[in-house]
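These notes are about the structure you will find just below.
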Amino acid sequence: MTSEPSRPSQPNHPALSNLLQEDRRFPPSPEFAAQAVATKELYDEAARDREGFWAKQARELLTWSKDFEQTLDWSDAPFAKWFAGGQLNAAYNCLDRHVEAGNGDRVAIHFEGEPGDTRSYTYAELTREVKRAANALTELGVERGDRVAIYLPMIPEAAIAMLACARIGAPHSVVFGGFSADALNSRINDAQAKVVITSDGGYRRGTPSALKPAVDAAIAKGADTVKHVLVVRRTGQDVDWTDGRDMWWHDAIEAASEEHTAAPVDSEHPLFILYTSGTTGKPKGILHTTGGYLTQCAYTHKNVFDLKPETDVYWCTADVGWVTGHSYAVYGPLANGATQVMYEGTPDTPGRDRWWAIVAKYKVSILYTAPTAIRTVMKWGEQLPAKHDLSSLRLLGSVGEPINPEAWIWYRRVIGGDRTPVVDTWWQTETGAIMISPLPGVTEAKPGSAMVPLPGIVADVYDDEGKPVPTGSGGYLVLTEPWPAMLRGIWGDPERYKETYWSRFEDVYFAGDGAKKDDDGDIWVLGRVDDVMNVSGHRLSTTEIESALVSHEKVAEAAVVGAADEMTGQAVCAFVILRGGADEGPDIATELRNHVAKEIGPIAKPRQIMIVAELPKTRSGKIMRRLLKDVAENREVGDVTTLADTTVMRLITDKLASQPKAQED
Ligand code: 7RM
């Protein structure tokens with residue numbers, strides 16, 4: 001089920017097709033520039049001595065138990081060692097040191113539950129909770145190097161659990177709460193997790209939604225390494241209980257001492273594993289380590305968001321199940337001693353103005369969210385944000401997918417009151433932290449462009465032959481120098497790491513994104529050039545969904561494409577051949593969609609399932625997804641001359657013309 005590579009020159013979002021005509025410019029206002037954290041000297045400084053620049057950031061932004069000896073060891077490339085010889089503890093850097101510096105009374109997290117319950121933790125309180133959780137994990141037998149899986153809703157315990165792991169040097173593996181029991185099972189087994197931390201459930205769209213049953217099912221499918229399950233009580237739902245294995249979080253915490261000294265670990269000690277979709281079926285466990293990751297999280301969070309920790313209230317809307325939640329809802333803001341908001345639920349509960357009510361209530365000054373959310377609130381209309389006082393906002397950020405210029409402009413005008421800078425930040429699970437972004441107060445922004453690599457980062461756009469493209473042209477986005485927060489590999493699979501990222505072009509990192517350099521040399525990221533789809537800013541693999549579909553008894557073959565979608569960027573469209581004799585029936589599409597939800601999770605459910613008799617294939621048997629994409633996007637079908645059977649596409653389009661319109665949720 002391989003496919004031809006798609007052309008990087010084809011923008012994958014309809015609104016991006018006119019991007020080269022975009023000529024609106026947003027220079028920093030003099031008032032903002034005068035107060036800005038970042039300065040243009042950062043670029044010069046980093047260009048003069050890149051490693052020296054990073055060494056300075058590492059020493060200024062973090063507290064090391066033992067100073068490092070070497071900034072970068074690249075002798076075993078592409079396996080990097082940053083700040084070798086140094087020792088530190090990530091949780092100490094996010095907690096204790098702020099208390100020691102006299103900021104213990106500053107609020108670290110304002111939590112807002114979906115039903116309206118609230119809790120605030122000062123740095124002193126959060127430190128105490130994390131110390132107890134660290135002791136509780138130790139009591140359960142978790143030792144340095146052991147892996148802990150975390151499967152929680154967006155509640156403070158998620159951050160507490162992550163930091164407790166960091167505190168004892170046990171790498172965490174957070175699994176998004178929207179993933180199914182099957183997906184959780186494979187992640188637990190790949191990482192060989194010893195403990196799973198979960199909750200009875202969480203609140204979504206006004207109702208409690210259960211989580212613990214998925215953990216029980218995941219372990220029942222076989223997960224021998226799991227010795228204990230810690231369960232946070234959030235909703236009060238009934239849960240099945242396995243004596244000896246399961247334990248309430250609050251019981252464990254209450255029994256634990258609040259004295260705990262964070263253990264310094266080597267700079268290269270694994271901090272976490274986070275699974276992400278790649279081009280092949282099995283998700284990759286992206287490995288991040290401590291010193292370099294935390295340095296770049298703190299540096300980018302401070303400079304890209306213009307953070308003034310004494311006065312700002314920062315809110316990143318991402319769930320901790322994604323990398324944005326790791327770097328910008330936990331490690332970056334806490335390392336910098338920021339005050340942040342954490343919200344559990346959906347933006348439309350109880351009303352479609354919930355986010356704006358939260359901004360007004362906590363006087364949020366920095367907001368970081370995804371284009372899909374911006375397009376959604378745009379659709380809901382300007383009157384809703386207008387009902388609330390959003391004047392506290394002074395900076396807006398975007399991440400996860402290309403932002404179309406109209407959404408960018410709307411975001412700045414309606415949410416930012418025509419005054420805030422907007423930073424469009426490009427990065428990936430693999431890069432660990434922001435890589436390409438304007439610097440607020442410094443860079444003149446263009447709506448739709450992530451602009452330029454941050455000081456200390458070197459990126460380029462290459463053509464097929466691995467040569468930098470001239471300005472005004474498109475190609476593949478690459479990173480030509482190692483960076484501190486770079487992934488250190490794929491858990492348990494060093495070969496796959498080299499093969500996936502370092503083999504497309506010699507000695508440079510291949511990001512998997514198509515990009516353009518405009519006439520000024522600024523970068524426009526256009527979207528994936530591999531079999532990875534981006535649905536609402538979530539990465540999904542076409543092959544993974546195809547595997548899920550063919551695991552259904554009625555399916556013979558399946559091909560999945562990401563079709564442009566106005567709201568979600570891309571949407572999953574599946575073309576399915578049923579097994580001979582299988583009864584199509586009126587509900588087959590629903591049945592298959594639910595099957596995908598069970599195998600992977602509701603986020604992977606195809607928007608459309610089209611039952612076909614044939615799939616378009618080349619003579620060597622490769623599915624031509626390009627042609628299926630044409631169908632899914634209601635375009636005239638492109639060049640079919642390389643098909644083994646050129647009549648296939650006609651069969652498909654005729655069949656679909658006679659089928660009822662695809663179901664949607
Ligand atoms: C942070 C995150 C990574 C993929 C990446 C891109 C896309 C992310 C932008 C973007 C255009 C952006 N990690 N992407 N940010 N595309 N402009 N500002 O999203 O690993 O889940 O996804 O997301 O395709 O390769 S991720």
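Observations, loosely collected:
- Where only DSSP H runs of four or more residues are counted, the chain gives -8000 deg cm²/dmol as its mean residue ellipticity at 222 nm, each run worth -39500 (n - 2.57).
- Average projected area [Cα convex hull, the range 248-343], square nanometres: 9.0
- Multiplying the residue separation of residue 233 and residue 646 by 0.36 nm and subtracting their alpha-carbon distance yields 142.8 nm.
- In summary, the lysines within cross-link reach of residue 282, defined as a Cα separation below 19 angstrom excluding same-chain residues under 8 places away, comprise 221, 498, 598, 605.
- Annotation for the range 466-550: trypsin sites (Lys or Arg not before Pro) lying in DSSP loop with at most 16 further Cβ atoms inside 10 Å of their Cβ do not exist.
- Of the solvent-accessible surface of the range 68-171, computed with a 1.4 Å probe over protein heavy atoms with every protein chain present, carbon and sulfur atoms account for 40 percent.
- Annotation: the antiparallel percentage among DSSP beta bridges lying fully within the chain is about 60.
- Take every Cα pair under 8 Å whose residues are at least 6 apart in sequence, average their separation, divide by the length of the chain, and the relative contact order is 15 percent.
- Accessible-area order (highest first, 1.4 angstrom probe) of the listed residues 305, 510: 510, 305
- Taking every alpha-carbon pair under 8 Å whose residues sit at least 6 apart, the range 540-665 reaches a relative contact order of 23 percent.
- Placing unit charges on each Cβ (+1 for Lys and Arg, -1 for Asp and Glu) gives the chain a dipole about its Cα centre, and among 341, 322, 590 the Cα reaching farthest toward its positive end belongs to 590.
- Label-to-label distance, residue 363 versus residue 207, with points set 7 angstrom from Cα along the beta-carbon direction: 3.9 nm.
- Given charges at Cβ of Lys, Arg, Asp, Glu: the chain dipole, positive-most of 618, 82, 138: 618
- Rolling a 1.4 Å probe across all protein chains gives residue 355 an accessible area of roughly 20 Å².
- Computed accessible area, residue 451, all protein chains, 1.4 angstrom probe, square angstrom: 10
- Exposure ranking of 139, 430, 254, 51 by accessible area [1.4 Å probe, largest first]: 139, 254, 51, 430
- Translational diffusion of the range 550-597, µm² s⁻¹ [Kirkwood Rh, Cα pairs; Stokes-Einstein; 20 °C; 1.002 mPa s]: 182
- Inter-label distance for residue 499 and residue 413, nm, one decimal - labels placed 7 Å from Cα along Cα-to-Cβ: 5.0
- Whole-angstrom gap from the range 124-163 to the range 582-640, using each part's C-alpha centre: 42
- DSSP beta bridges in the range 95-195 [antiparallel fraction, %, rounded to 5]: 55
- Residue 379 exposes around 120 Å² of accessible area when a 1.4 Å probe is run over every protein chain in place.
- Per-residue accessible area (protein heavy atoms, 1.4 Å probe) orders 426, 491 as 491, 426, starting from the largest.
- Debye-sum result for the range 559-635 in log10 I(q)/I(0), which assumes one identical scatterer on each alpha carbon, at q = 0.21 Å⁻¹: -1.04
- For the range 516-612, average projected area of the Cα convex hull in nm²: 7.0
- Note on the chain: Kirkwood radius taken over Cα pairs, Stokes-Einstein applied at 37 °C and 0.692 mPa s, translational D equal to 129 µm² s⁻¹.
- For the range 524-665: accessible area per residue (Å², 1.4 Å): 43
- For the range 207-254: rounded, prolate or oblate by the Cα gyration tensor [a/c cutoff 1.5]: oblate
The values are calculated or read from the model by the stated rules, or taken from the named source; none is laboratory data. Because the structure is a prediction, the values reported are computed rather than measured. Cβ coordinates were reconstructed from backbone atoms using ideal geometry, including for glycine residues, and neighbour counts include every protein chain displayed. The area values use the complete protein model at the heavy-atom level, side chains included, leaving out ligands, DNA and RNA. Shrake-Rupley method; radii C 1.70, N 1.55, O 1.52, S 1.80 Å.
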